Structures are given as C-alpha cells and as structure tokens.
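Visitor: If you scroll down you'll find the structure; I have some questions about it.
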Amino acid sequence: MATGRPRRTSPGPVGDRFAVFDPATGEAFEEAPDQRPDELDAVVGRAQEAWRGWRTDPGARATALLAAADAVEAAGAEIAPLLTREQGKPLSESYAEIARTAARLRYFAELGPGPRPLVDGRPVRSEIRWRPLGPVAAIVPWNFPLQLASAKLAPALAAGNTVVLKPSPFTPLATRLLGSVVSTALPADVLTIITGHEPLGARLAAHPGIRHVTFTGSIPTGRAVAAGAAASLGRVTLELGGNDAAVLLEDVDVERIADRLFWAAFRNCGQVCMAVKRVYAPNRLYSEVVEALAQRAKATVVGSGLDPGTRLGPVNNIPQLARVERYTSRALADGARAAAGGHRLDRPGYFHAPTILADVPPDSPVVTEEQFGPVLPVLPYRSVDEAVEAANDTGFGLGGSVWGTDLDRAEAVADRLECGTAWINHHAELSLAQPFAGIKESGVGVAGGPWGLYGNLRPFVVHRPEER
Ligand code: NAD
C-alpha cells in the first residue's frame, strides 16, 4: 500500500481558513479563506452595485479585458507553479492553461455584439439591442481551474455582467491569484472570487441577486444547481460530465494514431470532461490496439508536475483517486485484464499507474460511468453498427471520435454519434470560436464562441413605426 497518506481526505476547514493539499505529496501546503454562505448577501450586493457602471460602456470593457489578458500573461511564472502544486498537472500544462486563459479574455474582449436590425417587410423599424443580465455566478471544478474560470468570466464580463466565481475547494489558490491579477484591470467588485465549502456553491447558485448561474462539474451537482437556481428563475448553463467513446475503424493505422489516442485519454491524468473514456476497436485489430496503448502507458513518466520530465501527474484528490481505484478493481474482479497498470502507485501522493484495461465486461462501471482518471477500457466490436450503438448507449453526450484512414468514411460514422462535438482522428481539440454544448445529461445551454457571449445577454427589442 502507498505510504504518505494525508491526515485529512478532503481540504477541510481550519478555523476560517482551510488546508489545500499538494496531490504529488499528499501534504497540506497552503490555506485558503473558508468563506461562509452568510457572506453572500454582501458579495452579491457589491456585484449588483458594480454592475451599474460596468454595463454601460462596451469599449471600456474591451479595453479592460485586453489589459487583463496582458496581466495574466505577465503573471504566468507566478501562477503556473501554484496551479501545478494544487492541481498536480505538469508545469508545461499549467503554462498552457494560462495561455488559453489569456487567449480567451482577448477573444471575448473583441467579440462585442452590436445592435442588429430586424427585417420582416412591415413598415416598422425593429432593432435588437443586446443587454447584460446582471451578476453571474460561476462555479467550476478542479481539473482545469483557470481555463474553466476564464471560459465563464470572459464572456460574462465582455457581455457587461459582473461575476462572482467559486472554484473547487481542491484548487482555490491559482484561481484567487488569477482573480487578483485580472481585477487589476477592472473596476472594484466587477469580479469576485469566493472560496469555501458547501453549502457555499449551493447558496450562491440559489441567491436571488444572481441572474445567471454558469456551472461546470458533475451531473449530480449540476442537477442540484439547476434546482437551486429555479427558485429565482435565473438562467442556467451547465457543462457536465462526459463518457466519450473513440471508435477505431478497420482501416485505422494503429501505430500512426496511437500516441494521439493515448494522450486524448490520459492528458491531465484523464481528468478531462472530453477525454477519450472508452475505446472501441474492431476484433481484427483488438490485440494490436491494446498492445499499442499499453506500451505507451508503461513508458509514460509519472511524477510530480514540478519535475521537468513528468508527463503524467497525480490524480487531484483522494475521493477521485478512490473512484479510479474502485472502478479499476471492480473491472478486474469482473474478469478484465490490466494490459498496463491496474493499481495505485506505492509512493506518497495520489498517484495511479496509467492503466489499460482489456476484456472488460461492457456493463462494468469503468465503461458505463465516468472514470475521470488514468484508466482506459478498450472494447472489441464485430460491426461498425454495433460500435456506434455501444458508443451512443449512454446518458452522456459530450464528445466522441472516429479514427480511420478513409476520412469520408470516418466522417460518415462520426455523423452518427450522439454528442455535442465529434472529431475525426483526434479528440477534444476545441476552438475558442466554436459552440460547446453537451447533449443528453452532459449539459444545458451553449458555451463558447458568440453563443457563449449571447448566453450572457438578453435580447431587448425596440419597435418603432417608419411613418410619423
Ligand atoms: P463537482 O460537481 O463535484 O464540483 C464542481 C463545483 O461545484 C465545485 O466548485 C464544487 O465545490 C461545487 N459544488 C459542489 N456541490 C455543490 C452544490 N450542491 N451546489 C453548487 N456547487 C456545488 O465536480 P468535480 O468533481 O469538481 O469535477 C469533475 C466533474 O466535472 C466531472 O464530472 C467532469 O466531467 C466535469 N467537467 C465537465 C466539463 C464540461 O465542460 N462539460 C469540464 C470539466 C469538468
């Protein structure tokens, strides 16, 4: 069994602060403010007050957000190690996350919606003037704390709303630092970061002064957030879990795609909503695919994200590690074979060996649920129809991918996947300009691109007769 287990299993309160753990050591290394729900009236009240000014001048907003992007980039060397310490990801990925955060601020700064005339042939001049909603609550998880924070605050602020953002208690530190850096470019109280434990998020989502709750996290929490926001009939955008399938076709060149497929599953230690979480390979190629992925899993350097050679860091937190271990041991007990890994690593911290599972029963939870960790089941199929049916046979609907040499054929198969985004020969590559929307239980509403901006605006229509 691994040594160095931490004394607490979650970042529990320490007076009015709570401990934050380094998942690479299992040791607490910093604290964050444990804010109480009774502080929310004052926080939301200040956000409402700040909204009066912030909503009025789109040009000033764009200038401020561009300055915020510059400030984030300038602070990269300070933010990145903190993100790696609390989240676990390799330092290079923390820098990449910061770069995407700055890029997103710039993208939305430059995406102002102008008034738009309505033309319908009547002698009426109608115009849509997009108006902001008011204070927005943003609630995010621990896997990409900064990227997901910016995915919410950039469009909300660009649209003229103010934002109260709550990170996960597993990763509060880099987000607090990001908030203070971004706020150097903003008027007071336009952006507020709050940190603490439940029911802080639940009360924020249900606060009557909040006009839009934009949430990223698990499906059960998403349901609770929607139920809470229903009290004030505020708008809700939910980006929830995924169980993306990768379907490999008969003509796939296994060696050519194996690296890309492996990292589509294992990047950020598999803790990606849109990671490949199930692989379907044709019977004829099954052993070759399992072996190619297993070779890569065995060769991957696992370690602290601060070590330059590390490709795969630890799992972020103990409940998540327990979930990964539970799904893996259940699959092995049900007859699966670990072609690589299959166990936690015997060292301090929350490390799990990158694991490739073969011969997994299709109803095993590692296939039917979201493992969100460094474990990948590979399943054989007889016909493409069977593979597509299995890929779609889930309540999740975030992404999916099809891999093959004949791109037209691969695209035809991808077109049959029931999800928000389908890729050919890669997975989870997203443009800032594209709509991002899960279907089924994976989400409500649309984020990303202009759709993300309009998700933070309401149409205000002015009708005026042409004649006097
Ligand atoms: P989670 O749902 O447990 O927590 C997400 C956030 O909600 C955290 O800040 C948490 O503190 C807060 N929270 C917890 N209970 C709450 C409540 N009752 N009301 C309001 N807020 C509450 O999720 P997690 O474990 O932090 O993150 C992993 C999940 O996030 C996975 O399911 C993953 O797929 C999903 N995710 C989805 C996307 C996407 O874009 N679709 C992106 C990243 C992660």
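The values are calculated or read from the model by the stated rules, or taken from the named source; none is laboratory data. Just so you know, these numbers come straight off a predicted model, no measurement behind them. Positions of Cβ are backbone-derived with ideal geometry, glycine not excepted, and every protein chain shown enters the neighbour counts.
Visitor: Residue 245 versus (1) within 26 Å of residue 46 (Cβ to Cβ); (2) more than 11 Å from the ligand (Cβ to nearest atom); (3) not acidic (Asp, Glu): which is the lone unmet condition?
Guide: (1)
Visitor: Moving to a separate point now. Evaluate segment 276-286: report whether one residue or more is within 16 Å of the ligand (Cβ to nearest atom) and either of a type in the set (A, V, I, L, M, F, W, C) or in a helix (DSSP H, G or I) (or both).
Guide: Checking segment 276-286: at least one residue is within 16 Å of the ligand (Cβ to nearest atom) and either of a type in the set (A, V, I, L, M, F, W, C) or in a helix (DSSP H, G or I) (or both).
Visitor: Please state which of the following conditions residue 325 fails to meet, knowing it meets all the rest: (1) among the charged types (D, E, K, R); (2) without any contact (Cβ under 8 Å) to a residue 24 or more places away in the chain; (3) within 29 Å of residue 85 (Cα to Cα).
Guide: (2) is the only condition that residue 325 fails.
Visitor: I would also like to ask the following. Is segment 133-148 home to any residue that is modelled with pLDDT under 95 and assigned to a strand (DSSP E or B)?
Guide: Among the residues of segment 133-148, not one is modelled with pLDDT under 95 and assigned to a strand (DSSP E or B), which makes the answer no.
Visitor: Quick one: residue 72 ticks every box in (1) under 30 Å from residue 26 (Cα atoms); (2) out of contact with any Ser or Thr (no Cβ under 7 Å at 6 or more places or on another chain) except a single one, so which number is it?
Guide: Checking residue 72 against (1) under 30 Å from residue 26 (Cα atoms); (2) out of contact with any Ser or Thr (no Cβ under 7 Å at 6 or more places or on another chain), the one that fails is (2).
Visitor: Filter segment 212-242 for residues that are touching a Lys or Arg at 6+ places or on another chain (Cβ under 8 Å) and within 20 Å of residue 428 (Cβ to Cβ) and give the result.
Guide: Passing the criteria: 216, 242.
Visitor: Any idea which of (1) within 16 Å of the ligand (Cβ to nearest atom); (2) surrounded by 17 or more Cβ atoms within 10 Å (Cβ to Cβ) is the one residue 297 doesn't satisfy?
Guide: Condition not satisfied by residue 297: (1).
Visitor: Residue under question is residue 265, and the condition is that it be of a type in the set (A, V, I, L, M), in contact with a strand residue (DSSP E or B) (Cβ under 6 Å, 6 or more places away or on another chain), within 15 Å of the ligand (Cβ to nearest atom) and assigned to a helix (DSSP H, G or I); does it hold?
Guide: Values: of a type in the set (A, V, I, L, M): yes; in contact with a strand residue (DSSP E or B) (Cβ under 6 Å, 6 or more places away or on another chain): yes; within 15 Å of the ligand (Cβ to nearest atom): yes; assigned to a helix (DSSP H, G or I): yes.
Against the criterion (of a type in the set (A, V, I, L, M), in contact with a strand residue (DSSP E or B) (Cβ under 6 Å, 6 or more places away or on another chain), within 15 Å of the ligand (Cβ to nearest atom) and assigned to a helix (DSSP H, G or I)), residue 265 qualifies.
Visitor: Got a sec? Which of 231, 226 is modelled with pLDDT under 95 and either farther than 22 Å from residue 16 by Cβ or surrounded by fewer than 19 Cβ atoms within 10 Å (Cβ to Cβ) (or both)? Steps first, please.
Guide: On the way: 226 fails: modelled with pLDDT under 95.
Exactly one residue qualifies, and that residue is 231.
Visitor: Any chance segment 149-164 includes a residue that's more than 23 Å from residue 430 (Cα to Cα) and within 16 Å of the ligand (Cβ to nearest atom)?
Guide: For segment 149-164, residues more than 23 Å from residue 430 (Cα to Cα) and within 16 Å of the ligand (Cβ to nearest atom): present.
Visitor: Which ones in segment 117-148 are crowded, with 24+ Cβ neighbours inside 10 Å and either within 10 Å of the ligand (Cβ to nearest atom) or within 11 Å of the chain's Cα centre (by Cα) (or both)?
Guide: Within segment 117-148, 137, 138, 139, 140, 143, 144, 145, 146, 148 qualify.
Visitor: Filter the helices (runs of 4 or more DSSP H) completely within segment 1-92 down to those with at least 3 residues that are within 23 Å of residue 346 (Cβ to Cβ), assigned by TED's automatic domain parsing to the domain that holds residue 184 and at pLDDT 95 or above.
Guide: 76-87
Visitor: Have a look at 252, 181, 236 and point out the one that is touching a strand residue (DSSP E or B) at 6+ places or on another chain (Cβ under 9 Å), in contact (Cβ under 8 Å) with a residue 60 or more places away in the chain and assigned by TED's automatic domain parsing to the domain that holds residue 62.
Guide: 236
Visitor: Among the candidates 200, 240, which residue alone is closer than 20 Å to residue 451 by Cα, within 8 Å of the ligand (Cβ to nearest atom) and not hydroxyl-bearing (Ser, Thr, Tyr)?
Guide: 240
Visitor: Is it the case, given these coordinates, that residue 214 is away from the ligand (no atom under 14 Å from the Cβ) and touching a residue at least 24 places away in the same chain (Cβ under 8 Å)?
Guide: No: the conditions fail for residue 214.
Visitor: Give me a count of the residues in segment 365-383 that are surrounded by fewer than 21 Cβ atoms within 10 Å (Cβ to Cβ) and either without any contact (Cβ under 8 Å) to a residue 60 or more places away in the chain or not assigned by TED's automatic domain parsing to the domain that holds residue 278 (or both).
Guide: So the answer is 2.
Visitor: Against the conditions (1) more than 15 Å from the ligand (Cβ to nearest atom); (2) in contact with a Cys (Cβ under 7 Å, 6 or more places away or on another chain); (3) not hydrophobic (A, V, I, L, M, F, W, C), where does residue 305 fall short? Just the number, please.
Guide: Among (1) more than 15 Å from the ligand (Cβ to nearest atom); (2) in contact with a Cys (Cβ under 7 Å, 6 or more places away or on another chain); (3) not hydrophobic (A, V, I, L, M, F, W, C), residue 305 violates only (2).
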